[in-house]
Amino acid sequence: MLLRAAAIAGALVLATAATASATPATEDQPLIIGGTLASTSEAPWAIALTNSAGPAPTGRWCGAVLVRANKLITAAHCMTRPAGTYTAVQGRADLRDRSSGQTARIAGIWIHPGYNRANNRNDFAILTLARPLTGVPVIRLETNPKADRKGVVPTVYGWGETSDTGPDDTLQKIAVPDLGDATCLANKEYVGYGYAASANVCAGYLDGTGDSCQGDSGGPLVLNGRLLATVSWGKGCAEPGYPGVYAEIAPNAKTLQTQLDK
């Protein structure tokens with residue numbers, strides 16, 4: 001399994017091959033596959049995280065979500081470097097267009113105390129910005145666990161790869177059907193890695209039509225205007241029989257909100 005961060009993957013991919021367990025993805029992991037271009041006006045709270053150690057020319061690293069003017073939610077597995085090396089980019093549909101949008105450095109990183117690197121459970125981090133992103137709508141957290149149910153169709157956004165072979169660096173989106181926990185629990189590899197109905201959302205296309213991918217980790221999965229989950233992991237990108245796995249917000253909403261209010 002691979003985590004869906006953009007610049008973390010190189011060595012981890014080798015580790016995955018050796019251990020058959022999930023690992024953070026960087027150069028070999030998800031962006032949006034099978035999606036369409038999205039505008040920053042429809043998803044102003046979608047944030048691209050770049051890092052000084054990320055791949056040229058943009059340093060694209062992961063996705064994130066603006067939930068307070070000065071706070072982001074992203075994936076804990078993306079946070080492998082010092083806070084000051086990360087930059088939040090808002091309002092820039094094409095990361096190569098440095099004339100658009102606004103940026104803010106990351107001043108602090110909080111990792112969910114229950115985050116388990118072995119199985120990627122509670123894959124959440126909250127980032128405090130060095131300055132607030134003013135005039136930008138934030139997204140509300142989904143607090144109802146029943147929102148994650150088979151048949152609903154949330155939308156995932158990201159700047160990640162549009163194929164298994166390379167990055168795109170443009171904001172894209174794809175609607176991914178919620179397949180229900182039973183689908184991922186029927187996959188022995190996913191169960192072995194640690195998929196949990198109480199912590200994850202199983203969404204995507206079993207025929208491989210589309211998926212999130214490397215570089216999308218931490219980005220938003222949105223349903224009815226609320227943050228249902230964030231991109232976490234999966235096997236490759238858009239591989240038939242292997243949906244995307246997302247870190248579900250509702251079971252962690254109280255913990256996240258307590259930290260956001262500090």
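Values in this text are rule-based calculations from the coordinates and carry no lab data. This one's a predicted model, so the numbers in the text were calculated from it and none came from an experiment. So basically every Cβ, Gly included, is an ideal-geometry build from the backbone, and we count neighbours across all protein chains shown.
Taking a temperature of 20 °C and a viscosity of 1.002 mPa s, what whole-number D in µm²/s does Stokes-Einstein yield for the range 141-251 with Rh from Kirkwood over alpha carbon pairs?
Rounded, D is 158 µm²/s.
Using the charge dipole of the chain (Lys, Arg: +1 at Cβ; Asp, Glu: -1 at Cβ; taken about the Cα centre), state which of Gly215, Val136, Gly192 has its Cα farthest towards the positive end.
Highest projection toward the positive end goes to Val136.
Within the chain, how many Lys pairs that are eight or more residues apart, or on different chains, come under 19 Å at the alpha-carbon? Mind dumping the intermediate values first?
Values: Lys71/Lys254; Lys71/Lys262; Lys146/Lys254; Lys188/Lys235; Lys254/Lys262.
Pairs that pass both the separation and distance tests number 5.
Neighbouring Cβ atoms within 10 Å as the yardstick, rank Tyr86, Tyr190 fewest first. Show your work: numbers first, answer last.
Details: Tyr86 28, Tyr190 23.
Ordered from fewest to most neighbouring Cβ atoms within 10 Å, Tyr86, Tyr190 come out as Tyr190, Tyr86.
Find which of Thr50, Gly204, Gly108 sits farthest along the positive direction of the dipole of the chain, computed with +1 on the beta-carbon of Lys and Arg, -1 on that of Asp and Glu, about the Cα centre.
Gly108
Could you please rank Asp148, Asp94, placing first whichever residue has the fewest other Cβ atoms within 10 Å of its Cβ?
Working: Asp148 26, Asp94 16.
Ranked by crowding around the Cβ, least crowded first: Asp94, Asp148.
If a/c stays under 1.5 just call it rounded; otherwise compare a/b with b/c (prolate if a/b is bigger, oblate if not). Do that for the chain, with a ≥ b ≥ c from the square roots of the Cα gyration tensor eigenvalues.
Verdict is rounded for the chain.
If you add up the charges near Gln259, with Lys and Arg at +1 and Asp and Glu at -1, over every other residue whose beta carbon is less than 12 angstrom from its beta carbon, what do you get?
On the way: positive: Arg68, Lys71, Lys254, Lys262; negative: Asp261.
Residues close to Gln259 contribute a combined charge of +3.
To the nearest 20 debye, what is the magnitude of the charge dipole of the range 141-251 about its Cα centre, counting +1 on the Cβ of each Lys and Arg and -1 on the Cβ of each Asp and Glu?
420
Which percent of the Cα-Cα distances in the range 80-152 go past 19 Å?
When every Cα pair of the range 80-152 is considered, 57 percent fall beyond 19 Å.
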